[in-house]
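Worksheet for the structure shown next.
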Ligand SMILES: Cc1cc2nc3c(=O)[nH]c(=O)nc-3n(C[C@H](O)[C@H](O)[C@H](O)COP(=O)(O)O)c2cc1C
């Protein structure tokens, strides 16, 4: 049992009981599932993207495929899902019901339209229904119903600003979040367009357009439907580093609230997202994989972290890591080289091979002792040897870069 402490945070004018909410996904496509999640302890949910009445949604199954490792089966999840089959008239009823049942939780809804009238109809109906937040999907990778077919709305700076302004006009005082894609040349320009359009925040970001894999015997892509497949949206842990950069770049350059989303698989990942500027964190693949109960671990992990670090509130974390992120030119270039703890070394030779064929041929191999030896004159301190050492016994001198980022089941 963990020590309870207050982990509430203000997000766009609403007090959330924790920074953790469900993102628009299959988990938020049925009202009872959302109710279960909120009872389990999630601070809120964004209902799966809805559209105007009569909009055709061509869902194809099977829609999921994944890639993984022996120990981590769902390292990345690909889907060819689209928006919800439920239209606005159903979603506004759900918003009213959920707001009544869970007045203290954040009830948001996601929308997607193809023209001004659609976007504004969706936004104003949700506002009248009492939604706490309206999130706009400008980044569905399966082709948006936006400006140009096949192109995500958020890939156009002009369209982003224009459609944001339409939605904000109709949403009025209800906060608007724009869900963007990291797949652009300049994320900062897109974020600035969102701000100029008048949105209250950015959801950074979404799934990443991908092609999950090809069966090399049948040459069929995954997920396969009668031998054919399509491009999918990649989610889950595999995309976390992309999200981290996206949030950081926006936070460093644009003064706007950020909701972090894409690849968070633990409370630690959430803390990282917040440390580079996210005020809260949305989860999709994690609860789809392990169930709504993961919220207990997310909350207890955050509580312990705050205690250990001496922070009083989750808001203390927001943006704290940004001052450590510099451009390449700004970084110092220290003199360092690797130090191998030969007592703990298992003699596998991986560091020697990596340095010989991918480094600076600075690690020699002592055949008699079956141990590596660093030639300090040749070693530049690139740290490639550290990355491949299976037992983590290589460090950089001066305590530089002395920790490798590991993701293990125990984290
Ligand atoms: C099967 C599936 C369906 C999704 N449907 C939507 C959707 O309707 N609208 C939306 O904005 N995002 C949708 N998403 C994207 C998620 O909300 C989220 O942005 C993405 O999965 C990245 O977060 P994660 O790595 O925590 O899963 C969907 C994701 C998955 C896996």
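The values are calculated or read from the model by the stated rules, or taken from the named source; none is laboratory data. On a predicted model such as this, the values are computed, not experimentally measured, just so you know. Counting neighbours? That spans all protein chains shown, and the Cβs are built from the backbone with ideal geometry, glycine included.
Values computed for the structure shown
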item: Residues being surrounded by fewer than 17 Cβ atoms within 10 Å (Cβ to Cβ) and either under 22 Å from residue 47 (Cα atoms) or within 15 Å of the chain's Cα centre (by Cα) (or both) - total across the range 282-307; result: 5
item: Which numbered condition residue 342 misses (of (1) in contact with a strand residue (DSSP E or B) (Cβ under 9 Å, 6 or more places away or on another chain); (2) part of a helix (DSSP H, G or I)); result: (2)
item: Yes/no for residue 40 being touching a residue at least 60 places away in the same chain (Cβ under 8 Å), surrounded by fewer than 23 Cβ atoms within 10 Å (Cβ to Cβ), at negative phi and away from the ligand (no atom under 13 Å from the Cβ); result: yes
item: 3 or more residues in contact with a strand residue (DSSP E or B) (Cβ under 7 Å, 6 or more places away or on another chain): qualifying strands (runs of 3 or more DSSP E) within the range 1-95; result: 20-22, 44-50, 64-67, 76-79
item: Members of the range 326-337 found to be in contact with a helix residue (DSSP H, G or I) (Cβ under 9 Å, 6 or more places away or on another chain) and exposed (fewer than 15 other Cβ atoms within 10 Å of the Cβ), listed by number; result: 334, 335
item: Residue check for residue 83: modelled with pLDDT of 95 or more, within 14 Å of the ligand (Cβ to nearest atom) and at negative phi; result: no
item: Unique residue being away from the ligand (no atom under 16 Å from the Cβ), modelled with pLDDT under 95 and either farther than 21 Å from residue 19 by Cβ or crowded, with 18+ Cβ neighbours inside 10 Å (or both) when the list is 156, 210; result: 156
item: Checklist (1) within 15 Å of the ligand (Cβ to nearest atom); (2) in contact (Cβ under 8 Å) with a residue 60 or more places away in the chain; (3) in a helix (DSSP H, G or I) applied to residue 296, failing item; result: (1)
